[in-house]
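Colleague: Handing you this structure, nothing more for now.
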Amino acid sequence: MSDEVWMRRALDLAQEAESQGEVPVGAVLVRDDVVLGEGFNQPISAHDATAHAEIVALRAATAACQNYRLPGSTLYVTLEPCAMCAGALVHARIERVVIAAPEPRAGAGGSVLNVLSNPQLNHRCAVEFGLFEQESADMLRQFFRSRR
């Protein structure tokens, strides 16, 4: 399958988050065209500051694989990961992170911080930006406008 298919799934998950009153972010973790785990933002409903889409997807994937490391996998996410999520992705040895929209306030994939591909760390994720960036950014803008 293509990157577009997986990012479309992440966008669908972001819409699910929005329908539950959460910030619309979705994530899908894939290896060899098989979904290992997926998730959407749930910190409000789960009363858990760590329940970001990436962490939810990572937890599902590591439980399914019975391994905390997921080499050879790709994470598709609709918004650039924060430092917490980026650190978890590095520890899990995610090979590649495909990001729809940058996060200019707290992004740790290169916008504000560079955790995902920091040469000082013992693992670096390949990072790609921009796949369905406009759709993701529009969804986020519309969500926050409706809250004001």
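Colleague: Given the criteria without any contact (Cβ under 8 Å) to a residue 60 or more places away in the chain, touching a Leu at 6+ places or on another chain (Cβ under 8 Å) and among the hydroxyl-bearing types (Ser, Thr, Tyr), does Ser73 qualify?
Modeller: yes
Colleague: On to the next question. Take the conditions closer than 19 Å to Arg93 by Cβ, of a type in the set (A, V, I, L, M), touching a Gly at 6+ places or on another chain (Cβ under 9 Å) and modelled with pLDDT of 95 or more and apply them to Ala60. Does it pass? Spell out how you get there, then give the answer.
Modeller: Numbers: closer than 19 Å to Arg93 by Cβ: yes; of a type in the set (A, V, I, L, M): yes; touching a Gly at 6+ places or on another chain (Cβ under 9 Å): yes; modelled with pLDDT of 95 or more: yes.
So Ala60 fits the description; yes.
Colleague: Just to be sure I understand, how many residues within the range 56-69 are surrounded by fewer than 23 Cβ atoms within 10 Å (Cβ to Cβ), under 14 Å from Val28 (Cβ atoms) and under 17 Å from the mean Cα position of the chain (by Cα)?
Modeller: Keep residues of the range 56-69 that are surrounded by fewer than 23 Cβ atoms within 10 Å (Cβ to Cβ), which gives 59-60, 62-69.
Okay, now just the ones that are also under 14 Å from Val28 (Cβ atoms), so 59-60, 64.
Keeping just the survivors that are under 17 Å from the mean Cα position of the chain (by Cα) gives 59-60.
Residues that pass the stated criteria total 2.
Colleague: Ok, one more. Scan the range 18-28 and tell me whether some residue there is open to solvent by less than 20 Å² (accessible area, probe 1.4 Å), modelled with pLDDT of 95 or more and over 14 Å from the mean Cα position of the chain (by Cα).
Modeller: Quick first cut of the range 18-28, residues open to solvent by less than 20 Å² (accessible area, probe 1.4 Å) only: 22, 24-28.
Restricting the remaining residues to those that are modelled with pLDDT of 95 or more gives 22, 24-28.
Keeping just the survivors that are over 14 Å from the mean Cα position of the chain (by Cα) gives 22.
Scanning the range 18-28 turns up at least one residue that is open to solvent by less than 20 Å² (accessible area, probe 1.4 Å), modelled with pLDDT of 95 or more and over 14 Å from the mean Cα position of the chain (by Cα).
Colleague: Continuing with the same structure: Within the range 96-108, can one find any residue that is touching a residue at least 12 places away in the same chain (Cβ under 8 Å) and of a type in the set (Lys, Arg)?
Modeller: Within the range 96-108, one or more residues are touching a residue at least 12 places away in the same chain (Cβ under 8 Å) and of a type in the set (Lys, Arg).
Colleague: With respect to the numbered conditions (1) open to solvent by 30 Å² or more (accessible area, probe 1.4 Å); (2) over 11 Å from the mean Cα position of the chain (by Cα), which one is the sole condition not fulfilled by Glu38?
Modeller: (2)
The values are calculated or read from the model by the stated rules, or taken from the named source; none is laboratory data. Source: prediction; values computed, not measured. Cβ coordinates were reconstructed from backbone atoms using ideal geometry, including for glycine residues, and neighbour counts include every protein chain displayed. Side chains included, ligands, DNA and RNA excluded: accessible areas come from the protein's heavy atoms. Shrake-Rupley method; radii C 1.70, N 1.55, O 1.52, S 1.80 Å.
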